[in-house]
1. Please verify whether Ala335 is closer than 19 Å to Ala312 by Cα, hydrophobic (A, V, I, L, M, F, W, C) and surrounded by fewer than 17 Cβ atoms within 10 Å (Cβ to Cβ), treating the condition exactly as stated.
2. Being of a type in the set (Val, Ile, Thr), in a helix (DSSP H, G or I) and under 16 Å from Val229 (Cβ atoms) narrows it down to one residue among Ile246, Ile331; which is it?
3. Going by the structure shown, is Arg322 modelled with pLDDT of 95 or more and not assigned by TED's automatic domain parsing to the domain that holds Asp239?
4. What number of residues within region 105-129 satisfy the criterion of being under 28 Å from Glu208 (Cα atoms) and without any contact (Cβ under 8 Å) to a residue 60 or more places away in the chain?
5. Go through the residues of region 294-305 one by one and say whether even a single one is loosely packed, with under 14 Cβ neighbours inside 10 Å, part of a loop (DSSP other than H, G, I, E, B) and among the hydroxyl-bearing types (Ser, Thr, Tyr).
6. For region 259-299: of the residues being touching a Gly at 6+ places or on another chain (Cβ under 8 Å) and not aliphatic (A, V, I, L, M), which is farthest from Tyr248 (Cα to Cα)?
7. For region 265-291, which residues satisfy the criterion of being crowded, with 20+ Cβ neighbours inside 10 Å, of a type outside the set (Gly, Ala, Ser) and out of contact with any Ser or Thr (no Cβ under 9 Å at 6 or more places or on another chain)?
8. Does Asn361 satisfy being touching a residue at least 12 places away in the same chain (Cβ under 8 Å), more than 12 Å from the chain's Cα centre (by Cα), farther than 28 Å from Leu201 by Cα and not in a strand (DSSP E or B)?
Amino acid sequence: MRVRKEILTIVRSAKEASRFLSDLSSSVKNEALRQMADGLVKNIASLKDENFKDLKAAKSEGLSPALIDRLTLNDSRIKDMANGLLEISKLSDPVGEVTGMWRRPNGLLVGRMRIPLGVIGIIYESRPNVTADAAGLCIKSGNAVVLRGGSEAIRSNTAIVRVLRKALKKAGIPEAAIGIIPTTDREAISEMLILEDDIDLIIPRGGEGLIRMVSEKSRIPVIKHYKGVCHVFVDESADLKMAKTICYNAKVQRPGVCNAMETLLVHEKIARDFLPGMARDYKKAGVEIRGCERTRKVLTDVKKAVEEDWYAEYLDLILAVRMVKNIDEAIDHIARYGSMHTEAIVTRDYSNAQRFLRKVNSSTVLVNASTRFSDGFELGLGAEIGISTSKIHAFGPMGLEELTTRKFIVYGEGQVRQ
């Protein structure tokens, strides 16, 4: 009962704040974002202190190195959070945009106007940078946000929200526009998910188990992606030097994130030229390779891949490798085992590049670039509030526009319906 009352108070306050935000000018919202960014930079030391407490607890509980990496805040990452807020402040405000005006035979002028969704609930694990990204995107798009981070980041998230709310107050915006659930009790999630009259959208970010649980229990619409089984296909015409650089970056740069490559597909005609050198680079980086039977004839010392490996989101320095006959076999593999997240092709063949773009049914598809670019900031959205692998109401990294909907607006001159 105590948790329910606490959650209801936070959410109802956010709903009240959302009405204030929906009519706020771009200049006021942008000033708030600049104040939020400035606050993060000025409080780097205290934010790292609180993050250190979370890291100490996480290490004592035996969290994996990949999860520890996602939890860690350092000077660079805090400055990146601040820069993300500044980028958002520079983006066009979608709220109030009118599109597609048309005149009806009866003289009515009909159009559609972008409006905020209202209150966005974010349920997420490990990554405290999500706190600032989500808050910034919601404020700019005229939405209030209620944040429920994981227990492993409770101190970091609370400290970040404290800084952001102080900046909101300075800009004349109700602090309740950024709400945070202060308890680590999992009952809090269940209580959030039944408030369909007060929360307009739920966005879960974390492991597959969390996202499936939220999707099953929520009475509120959910934007989700269960996992990121991302592929890179090295075509027979690929520049092999480029391919090595891309494949190394896609797997090694940050293996614990959802846009890291999990399966490498290699055209059989270039496999013997490409795989040995690539495998040596991976070995130096500590990557464990699990290969198909044909791959193991080229790389004789790698583990045998089993069926489960093709579905796996390792979030670690483990890579499944399959040799394919042609681009169609690569596309078929992705269709069968992929998660509609992110795929890339490395090729110098224009026709194959276009075929891959058309046929691969994932939310982000790249030509001659790393899967790590499937990210709101990298794609020019300022930041992202999540990545959707379901096609309604958004598909791929979600920025400002994806946090709005459109209503019809109609101008008349006294018309009545006959």
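The values are calculated or read from the model by the stated rules, or taken from the named source; none is laboratory data. Given the structure is predicted, the values throughout are model-derived calculations rather than measurements. As a convention, Cβ positions derive from the backbone with ideal geometry for all residues, glycine included, and neighbour counts pool all protein chains shown.
1. On the way: closer than 19 Å to Ala312 by Cα: yes; hydrophobic (A, V, I, L, M, F, W, C): yes; surrounded by fewer than 17 Cβ atoms within 10 Å (Cβ to Cβ): yes.
The answer is yes for Ala335.
2. On the way: Ile246 fails: under 16 Å from Val229 (Cβ atoms).
Of Ile246, Ile331, the one residue that is of a type in the set (Val, Ile, Thr), in a helix (DSSP H, G or I) and under 16 Å from Val229 (Cβ atoms) is Ile331.
3. Values: modelled with pLDDT of 95 or more: yes; not assigned by TED's automatic domain parsing to the domain that holds Asp239: no.
Considered against the rule, which asks whether it is modelled with pLDDT of 95 or more and not assigned by TED's automatic domain parsing to the domain that holds Asp239, Arg322 comes out as no.
4. 1
5. Start the filter on region 294-305 by keeping residues that are loosely packed, with under 14 Cβ neighbours inside 10 Å, which leaves 297, 300-301, 304.
Narrowing further to those that are part of a loop (DSSP other than H, G, I, E, B): 300-301.
Now restrict to residues that are among the hydroxyl-bearing types (Ser, Thr, Tyr): 300.
Yes: one or more hits.
6. Asn259
7. If the condition is that a residue be crowded, with 20+ Cβ neighbours inside 10 Å, of a type outside the set (Gly, Ala, Ser) and out of contact with any Ser or Thr (no Cβ under 9 Å at 6 or more places or on another chain), then Leu265, Phe274, Met278, Tyr282, Arg290 are the ones that fit.
8. Values: touching a residue at least 12 places away in the same chain (Cβ under 8 Å): yes; more than 12 Å from the chain's Cα centre (by Cα): yes; farther than 28 Å from Leu201 by Cα: no; not in a strand (DSSP E or B): yes.
No: the conditions fail for Asn361.
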